[in-house]
Structures are given as C-alpha cells and as structure tokens.
C-alpha cells in the first residue's frame, strides 16, 4: 500500500507545482507590469517612429514618447526598450521578449491574426528614396513595376513588400534589407534604385543624408490595390491574451490621440494634423480596408 501511495503523492505535488506555475503565468499583463514597474517595448530603430537618439542617449520617436505617456497614466514607472529587427518584432512579442511593440507598425489583417492592436496613433502614405535626379523617374510603385531595370529595397517584415508584390514588382527585383540605414546605403551604392518607406521615414532620412546624392521622389502617388489607394495606420501591438493591457492602453489613447498635448508631442517627429488617425479603429482595419495588402 505504501509503495502505491508514494507515486500518487509525487504526482499530486507535481500537479500542485504545475498549477502554481500556471497561475503565475496567467497573472494579468497590466497587473504584472505595474507590479514590476517596467513596461518593455520592442522597437526597430526606425526614425521617426522609434529610435535611439545618441546625442540625448534616449529611446525616442512617435511610439516611445506616446508609450511613456500611457505608462505614466497607467501607474507604470519605467519604459524600457528592446531593440529588434522589424521582421522579428511579432515573433519577439509572442515569445515574451517584451510586453508591447512600439515601432509604428501598421495594422494589417494578417498581423491581426497573430497579435492584437491598439487604436491607431497615426496614418501616413508612402514615399521613395532615390538617387539625385531620380534617374528612372520613379514616382509610384506602379512606375517601378513597369521599369524592368529598376530594383526596389524594402525592410524585412515591413508593409512595403506586400505593396510591391501587389502592383506587380517581381521578387527578383526586390531586395529585402534588415533596417532603414541599410536601405540608405543600398541606394547610395546603386544596389537598389529606390527604397520604399513611409513618407515620414523618407522625410526624416532627408534630414540626415547628403542632398547632393539622394532625394525624395517628388511627386509620389500611393499604390492602388484592389481598387483602393492604400493608407497605413500605425498602432501599438500586444499579445492577444493580454486583454487588460490592451484595454488600458485603448482607454487612455481615446482621450489623448488628437489632443493638443498629443499634437505637441509628435510635432518634432514630423507628424502634423494630416497624420492624425481620426476615429478609425483596429477592429475595422483588421477586416481588410486600406493597407490590407502589406
């Protein structure tokens, strides 16, 4: 009898420990973050959305600055950045390397299948960075698709790859690069003829590159996909199971985005009245309106 009781006791103890561990794992995200006092955000070092400013030695940009504001409102003392390549942000979030993506990520239906998005914090169109004089006269994705010798550069995991494929740019003319600085170098070296990014990204780049060497393709027409001109809406991303965190973020975003304080906060990053997202919500964008091809 004693020999039979011992295994049963061991199993009970193991089950109890498993239940205890499971209970710890299931602590609501916002409660855990408040307890620890740190909100960890994943970012991809792309100005003006989220980047490290070496002069100030500070993580800044549209997304981190708003994240700090929200964290303070939710009783979280500190925001800590985790640098990640853009294409690894969603896997990193799901692997619990950080609590939230704060990188200006677009809300797209395929991404909505993997993570949950907050209300949008901005909207923006597209642009190309090209060599001075725009040798191939590239003023749209469609122009590049129709130019057999032109090569396009996009950042891994970014929406621009989907836009390019949707308008007919073949994969053998698309270079996938790890980050925006690599894309600039690729244009400069002639490896690619245009780098596709948001208009805000390209505007920021033009403040840092030699204008005698590179330029923003002007004018520029956003791509038309499935009969709709695409506009990107960026937001924070959290794990689907972190419902308390999502609700907390959205509650504070509702009365902050579009406010005078918000407009003043993001103005240094080039966001103006035209980049305000209005009343558009993630639930609508996840169903596949503009931007769904990314």
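The values are calculated or read from the model by the stated rules, or taken from the named source; none is laboratory data. Because the structure is predicted, anything quoted here is derived from the model rather than measured. Ideal geometry is used to build each Cβ from the backbone, glycine not excepted, and the neighbour counts take in all protein chains shown.
May I ask you to list the residues in region 158-175 that are surrounded by 20 or more Cβ atoms within 10 Å (Cβ to Cβ) and in contact with a helix residue (DSSP H, G or I) (Cβ under 8 Å, 6 or more places away or on another chain)?
Matches in region 158-175: 158, 163, 164, 169.
Does residue 200 count as under 19 Å from residue 106 (Cα atoms) and crowded, with 17+ Cβ neighbours inside 10 Å? First the steps, then the outcome.
Working: under 19 Å from residue 106 (Cα atoms): yes; crowded, with 17+ Cβ neighbours inside 10 Å: yes.
Yes.
Among the residues of region 196-242, what is the count of those that are part of a helix (DSSP H, G or I) and touching a helix residue (DSSP H, G or I) at 6+ places or on another chain (Cβ under 8 Å)?
The total comes to 4.
Would you confirm whether or not region 245-264 contains a residue that is over 30 Å from residue 130 (Cβ atoms), at pLDDT 95 or above, within 19 Å of the chain's Cα centre (by Cα) and outside any helix (DSSP H, G or I)?
Taking every residue of region 245-264 in turn, at least one turns out to be over 30 Å from residue 130 (Cβ atoms), at pLDDT 95 or above, within 19 Å of the chain's Cα centre (by Cα) and outside any helix (DSSP H, G or I).
Please go through region 265-284 and give me each residue that is in a helix (DSSP H, G or I) and buried (at least 18 other Cβ atoms within 10 Å of the Cβ), ordered by number.
Correct list: 266, 269, 275, 282.
All but one of (1) under 24 Å from the mean Cα position of the chain (by Cα); (2) surrounded by fewer than 22 Cβ atoms within 10 Å (Cβ to Cβ); (3) touching a residue at least 40 places away in the same chain (Cβ under 8 Å) hold for residue 139; which doesn't?
Just one mismatch for residue 139, condition (1).
Pick out the one residue from 164, 185 that is part of a helix (DSSP H, G or I) and either in the same structural domain as residue 44 (by TED's automatic domain parsing) or in contact with a strand residue (DSSP E or B) (Cβ under 6 Å, 6 or more places away or on another chain) (or both). Give the steps one after another, and end with the answer.
Numbers: 185 fails: either in the same structural domain as residue 44 (by TED's automatic domain parsing) or in contact with a strand residue (DSSP E or B) (Cβ under 6 Å, 6 or more places away or on another chain) (or both).
Result of the check over 164, 185: 164.
One line per residue, one yes/no per condition, for (1) buried (at least 17 other Cβ atoms within 10 Å of the Cβ); (2) over 21 Å from the mean Cα position of the chain (by Cα):
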site: 101; (1), (2): yes, no
site: 119; (1), (2): yes, no
site: 144; (1), (2): yes, yes
site: 149; (1), (2): no, yes
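Quickly run through region 101-128 and pick out the residues that are touching a helix residue (DSSP H, G or I) at 6+ places or on another chain (Cβ under 7 Å) and farther than 21 Å from residue 272 by Cα.
101, 111, 114, 115, 116, 117 - these are the residues of region 101-128 that are touching a helix residue (DSSP H, G or I) at 6+ places or on another chain (Cβ under 7 Å) and farther than 21 Å from residue 272 by Cα.
Check residue 111 against each of (1) free of Cβ contacts under 8 Å to residues at least 12 places away in the same chain; (2) part of a helix (DSSP H, G or I) and name the one condition it does not meet.
(1)
For region 40-55, name all the residues that are closer than 13 Å to residue 86 by Cβ, modelled with pLDDT of 95 or more and out of contact with any strand residue (DSSP E or B) (no Cβ under 6 Å at 6 or more places or on another chain).
Once the filter is applied, which keeps residues that are closer than 13 Å to residue 86 by Cβ, modelled with pLDDT of 95 or more and out of contact with any strand residue (DSSP E or B) (no Cβ under 6 Å at 6 or more places or on another chain), region 40-55 yields only 51.
Could you tell me which numbered condition residue 128 fails, if it satisfies all but one of (1) in a strand (DSSP E or B); (2) over 18 Å from residue 214 (Cβ atoms)?
In the conditions (1) in a strand (DSSP E or B); (2) over 18 Å from residue 214 (Cβ atoms), residue 128 misses (2) alone.
Go over the candidates 80, 65 one by one and state the one that is under 24 Å from residue 261 (Cβ atoms) and either part of a loop (DSSP other than H, G, I, E, B) or in contact with a helix residue (DSSP H, G or I) (Cβ under 7 Å, 6 or more places away or on another chain) (or both).
Working: 80 fails: either part of a loop (DSSP other than H, G, I, E, B) or in contact with a helix residue (DSSP H, G or I) (Cβ under 7 Å, 6 or more places away or on another chain) (or both).
Selected residue: 65, the only one of 80, 65 that is under 24 Å from residue 261 (Cβ atoms) and either part of a loop (DSSP other than H, G, I, E, B) or in contact with a helix residue (DSSP H, G or I) (Cβ under 7 Å, 6 or more places away or on another chain) (or both).
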